[in-house]
Amino acid sequence: MERRRLILFSVVSTVCLIAAVVIILVYLNMSADTPEVHLPEATAGISSDVNNDGEGEENLNKPNFAELRPDTVQYILAIIDKPKSYSCSYVVESFWEDGSSYCDVAVYVKDNVFSVTVLNDSYLKRSIFTDEEFYIWYIDEKAYYEGKRGTALADEKIADAVQMSGSYESLMELDPNQILETDYIEVDGVYCVYVKAKMGQFGYVSEYYIYPDTGLLLKNEIYDGDKLIYRMTGGDVMLTAPDDEYFTLPGGKLVS
């Protein structure tokens, strides 16, 4: 029990420092090659009402949310067309017995290049990721840290944070037996895909709320038993290409 508590505290205490990388990994995995998913035997979740003249072909790739089940939800999420360019905002909160942490996160995406800004009481931090490279720096600094994106995925702390955040990648890689519940529900006037799943070796339960038209994450909550320990809540979403300023490094180099 003590070991579990120490591990949880370690992850929570660093979540804002690496929130930018976590969210980038979530969306990079949404736009990159789809992770292996467990497909049902039938093509549940797809409308196949097509006549001999080809009428109704536009429905072939439309999710049918009446068929949303634990054994079909990964497939349904995988076929949703994700936008190539957009911007959105999140509030990231972590909770533990003696306190909590909070930070604001802004995500800018243009043609698979991701720019993420993290703001809390201590700093303003920006990160840019391409398919192969990443760049991280604090605002008003002239120097930036850069490296290969694969090295970020290999970092133990980042891997722990991705698991704790209930990332899209983690959801798509689950065995369907770990998916406890699925539904199509209304949240604050917006209908979304709801997925409840058991995550990780400690049995945390993660709840996802996903926009069905874009596949973007509306909200993610993680529980240890009945205690909320993590929450990421989405704000405004704009489905237009962000300005180049969000993809410009200190010194003026544009990342593309």
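The values are calculated or read from the model by the stated rules, or taken from the named source; none is laboratory data. Just so it is clear, the model here is predicted, and its values are computed rather than measured. Positions of Cβ are backbone-derived with ideal geometry, glycine not excepted, and every protein chain shown enters the neighbour counts. When the accessible area is computed, the model is the full protein with side chains, heavy atoms only, and any ligands, DNA or RNA have been set aside. Shrake-Rupley method; radii C 1.70, N 1.55, O 1.52, S 1.80 Å.
Give me the number: length gained by fully extending Trp96 to Lys227, i.e. 0.36 nm times residue separation minus the C-alpha to C-alpha distance, one decimal in nm.
Full-extension gain reported as 46.3 nm.
Roughly what would the spin-label model give for Ala143 and Leu254, points 7 Å off Cα along C-beta, in nm?
Going by the 7 Å Cα→Cβ label model, 2.8 nm.
If I model a spin label as a point 7 Å beyond the Cα along the Cα-Cβ vector, how far apart are those points for Asp175 and Asp121 in nm?
4.3 nm
Given a Förster radius of 22 Å and the C-beta distance between Val190 and Ser85 as r, what FRET efficiency does 1/(1 + (r/R0)^6) yield to the nearest 0.05?
For Val190 and Ser85, the calculated efficiency is 0.55.
With a probe of 1.4 Å, find how much accessible area the range 87-152 has per residue, and write the answer as a whole number in Å².
Per-residue accessible area for the range 87-152 comes out at 51 Å².
Please report Rg over Rh for the range 197-255, where both radii come from the alpha carbon positions and Rh follows the Kirkwood definition.
Rounded to two decimals, Rg/Rh equals 1.19.
Would you rank Val205, Val237 by solvent-accessible area, highest first, keeping every protein chain in place and using a 1.4 Å probe?
Val237, Val205
For Met199, Met238, give the ranking by accessible area with the largest first, probe 1.4 Å.
Result, largest first: Met238, Met199.
To the nearest 10 square angstrom, what accessible area does Glu132 show with a 1.4 Å probe?
Taking all protein chains as shown, Glu132 has close to 130 Å².
Roughly how big is the range 93-139's charge dipole about its Cα centre, with Cβ charges of +1 (Lys, Arg) and -1 (Asp, Glu), in debye to the nearest 20?
For this selection, approximately 240 debye.
Sequence neighbours fewer than 8 away in the same chain don't count; with that in mind, list the lysines whose C-alpha is under 22 Å from Lys227.
Lys196, Lys198, Lys219
Could you sort Lys196, Lys253, Lys125 by their accessible area in this structure, using a 1.4 Å probe and putting the largest first?
Lys253, Lys196, Lys125
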